[in-house]
1. I need the full set of residues from segment 239-288 which are farther than 19 Å from F212 by Cα and part of a loop (DSSP other than H, G, I, E, B), in order please.
2. Within the set of pairs 6 or more residues apart or between chains, which connect a residue that is under 19 Å from A166 (Cβ atoms) and at pLDDT 90 or above inside segment 325-348 to a residue that is in a helix (DSSP H, G or I) and among the aromatic types (F, W, Y) with Cβ atoms less than 7 Å apart?
3. Return yes or no: is T175 outside the structural domain of T363 (by TED's automatic domain parsing) and over 27 Å from R349 (Cβ atoms)?
4. Among the candidates D132, D150, which residue alone is in a loop (DSSP other than H, G, I, E, B), at pLDDT 95 or above and of a type in the set (D, E, K, R)?
5. Just name the residue that is surrounded by the most Cβ atoms within 10 Å (Cβ to Cβ) out of those in segment 114-155 that are more than 16 Å from I381 (Cβ to Cβ) and charged (D, E, K, R).
6. Q169 fails exactly one of the following numbered conditions: (1) in contact (Cβ under 8 Å) with a residue 24 or more places away in the chain; (2) closer than 30 Å to L103 by Cα; (3) out of contact with any Gly (no Cβ under 6 Å at 6 or more places or on another chain); (4) not basic (K, R). What is the number of that condition?
7. Within segment 176-209, which residues are farther than 18 Å from K288 by Cα and either among the hydroxyl-bearing types (S, T, Y) or modelled with pLDDT under 95 (or both)?
8. Mind checking which residues of segment 58-96 are within 24 Å of T376 (Cα to Cα), in a loop (DSSP other than H, G, I, E, B) and of a type in the set (S, T, N, Q)?
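The values are calculated or read from the model by the stated rules, or taken from the named source; none is laboratory data. For clarity, every value in this text was computed on a predicted model and none was experimentally measured. Please note: Cβ atoms are built from the backbone with ideal geometry, for glycine as well, and neighbour counts cover all protein chains shown.
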Amino acid sequence: HQRDNRRLIDTLLRLRDLGNTLVVVEHDEETIRCADWIIDIGPGAGEQGGRLVAAGTLEDIAAEPLSLTGQYFSGKRSIPVPQVRRRPDGRWLTVRGATKYNLKDLTVKFPLGLFVCVTGVSGSGKSTLVNDILYRHLAHRLNGARERADGFTAVEGLEHLEKVIAVDQQPIGRTPRSKPATYTGVFTFIRELFAQLPEARMRGYQPGRFSFNVRGGRCEACCGDGIIRIEMHFLPDVFVPCEVCGGSRFNRETLEIKYKGASIADVLNMTVDRAAEFFAHQPRIHSKLRTLQDVGLGYVRLGQPATELSGGEAQRVKLAFELSRRSNGRTLYLLDEPTTGLHVADVDRLLRVLHRLVENGDTVVVIEHNLDVIKTADYIIDLGPEGGAAGGQVVAAGTPEEVAACPASHTGRFLARLVGAGSRRQPQGSFGRGPRTAEGASG
């Protein structure tokens, strides 16, 4: 939470003032503003990054046109406060008598069809309410999950929903065989396209021929992995490229089938942006790739192993999959601090995706501390007022403007600077860095 963030920064500044050197990898705006020296890497992500874009004070970063970070600090880019917020349409999901852990016999109403943020200081009971009670109960009732929820009296309003989906940052697969192309389903369409090519039809190849999981088309020396594991005694195993297929995962006969000069291995090695251009005239394939671009994953390779994706990237692959599905407006999406580890530009893309889900008629409930997310919500449920035994109560509920007007809400106090009357983000150009004294940092 922003209040806890202030305390953490205060501690870091005290360590600095004692003569220590602190190196922090961070996306948080307040932390960056307090830094004495900033090293900005980019300009993009993945293959589009890896270069030093700028280094210096906050003024230096903001003055560098190639720095995406600097563009947000200079005001050239920003996440705007919505001009109009969606209003409840009369459909509510109500949790009654929540008493699990530190929750104090709560009755909480979630408006359906809106973008809802659950906020509060750390330990206030947000995850208990949303994950332990709401998600577990809905997963049991709607999705057929075995695990039952406890610590509540009733949940009303289930007739308005058909399913609940928790979009977390867990890997999309536990093995290198899982890839963005397979998870989103676009690889199925690509394999079908290759099987329809004249040369493939003449040889009698089916779509399974172009799968690295099926015998026939894959390289049997590495079983379609592209790598060979060498077991080492008393040392970690070593992985080396397969000498037979050269890491392509397919046998020679399969690689002879080409679409527009590219084999199936070449396609898997393409980035999403390159593949979207390559398959521009294949609607089924292009639409799937377009959703990956929409969530900011254009730099990811189609065949990139799931084990190489970060938590934020895995989460966005899952969101891309949900975007590509047809919605009937009866799905509830739950996300627990989805902006963890995300740059402000990625937060901007994530918000556009989440709001698209709501525009389709679905409901999005997010546990979040990031003010850029909270200020765009249609409805906020703020728990607290403190953490642990002093929490577990609903401090405020309503629009961001209504929560910002609540004097008992820690979230509202910070939110008021962004959505209050005449208020906006700290004026860009007043680049105040962290004070030399720790006491001044907690002002």
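1. Once the filter is applied, which keeps residues that are farther than 19 Å from F212 by Cα and part of a loop (DSSP other than H, G, I, E, B), segment 239-288 yields K260, G261, F279, A280, H281, Q282.
2. Pairs found: L334/Y135.
3. Answer is yes for this residue.
4. Testing whether each residue is in a loop (DSSP other than H, G, I, E, B), at pLDDT 95 or above and of a type in the set (D, E, K, R) leaves just D150.
5. Result: R136.
6. Going through the list (1) in contact (Cβ under 8 Å) with a residue 24 or more places away in the chain; (2) closer than 30 Å to L103 by Cα; (3) out of contact with any Gly (no Cβ under 6 Å at 6 or more places or on another chain); (4) not basic (K, R), Q169 breaks only (3).
7. Selection gives P176, R177, Y205.
8. Matches in segment 58-96: S78, Q83.
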